[in-house]
Amino acid sequence: MNTPNKLTVFRILLIPVLIVFILVQQIQNRFLYATIVFIIAALTDHLDGKLARKNGQITDFGKFLDPLADKMLVMSSFICFVDIEILSAVPVIIILMREFIVTSIRLVAMSSGKVIAANFWGKLKTVSQIIAIIVILFLEHIKRAYIPTMLNFSARENVLMVFETIDLIFIWVSVLFTLVSGIIYIMDNIEIIKTAK
């Protein structure tokens, strides 16, 4: 296994660590640690692709596993957010449906001996989701670590409302990119869908 693929596997291994930090309430500063783990995982996504292209180590295994690792990382985070009630299930369901459709097309293509790599729009979608998750995690840390110490109740409520609005903006922008990339993906691979048996 080459270095880019090892980085991809490392990203997958970080997912349970991330889930523990998000969900286990007894861990102090858990959202700060979750933010750090998520950023490390996201950096491996950038690094594995860069190394693969630079060293001529692009493999079919990497083309398949890299986007799968991205999906696992992002969806684990979003589902955890729904579980602890800091995110509505609606945007997560939309993102999940897009991922199921794209993965299904990829599997059909693989059965015909074709491997479909992520395109520009897919990468943009992933970047928007990663940014949204980092923002949500970091703001959640700020909310829990610093906002409770504010003496003024109305100031506290105003800050929380601003944070919730920021969360919503980032998540729905990522949903928009998710939908656009999904539509483009289907259009680019319509022949695969038509010829599927």
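The values are calculated or read from the model by the stated rules, or taken from the named source; none is laboratory data. Keep in mind the model is a prediction, meaning the values are calculated, not measured. All Cβ positions, even for glycine, are placed from backbone atoms using ideal geometry, and neighbour counts span all protein chains on display. Remember, those area values only see protein heavy atoms, side chains included, never the ligands or the DNA or RNA. Shrake-Rupley method; radii C 1.70, N 1.55, O 1.52, S 1.80 Å.
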### Query
Quick check: anything in the stretch 69-81 of a type outside the set (Phe, Trp, Tyr), open to solvent by 50 Å² or more (accessible area, probe 1.4 Å) and without any contact (Cβ under 8 Å) to a residue 12 or more places away in the chain?
no
### Task
Could you tell me whether the stretch 37-52 includes any residue that is aromatic (Phe, Trp, Tyr), over 18 Å from Ile12 (Cα atoms) and surrounded by 15 or more Cβ atoms within 10 Å (Cβ to Cβ)?
no
#### Entry: Residue list for the stretch 147-186, filter: hydrophobic (A, V, I, L, M, F, W, C), farther than 28 Å from Leu96 by Cα and either assigned to a helix (DSSP H, G or I) or touching a Cys at 6+ places or on another chain (Cβ under 6 Å) (or both)
Ile147, Phe153, Ala155, Val159
### Selected residue [closer than 14 Å to Leu124 by Cβ and surrounded by fewer than 15 Cβ atoms within 10 Å (Cβ to Cβ)] from Val173, Val162
Val173
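Each row is one residue, and each column tells you yes or no for (1) more than 30 Å from Ala109 (Cα to Cα); (2) not hydroxyl-bearing (Ser, Thr, Tyr).
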{"site": "Ile142", "(1), (2)": "yes, yes"}
{"site": "Thr178", "(1), (2)": "no, no"}
{"site": "Ile186", "(1), (2)": "no, yes"}
{"site": "Ile190", "(1), (2)": "no, yes"}
### Message
Being touching a Ser or Thr at 6+ places or on another chain (Cβ under 8 Å) and either under 26 Å from His141 (Cβ atoms) or surrounded by fewer than 21 Cβ atoms within 10 Å (Cβ to Cβ) (or both): is that true of Ile19 here?
### Response
yes
### Query
Condition test on Val135, is it under 29 Å from Ile94 (Cα atoms) and surrounded by 13 or more Cβ atoms within 10 Å (Cβ to Cβ)?
yes
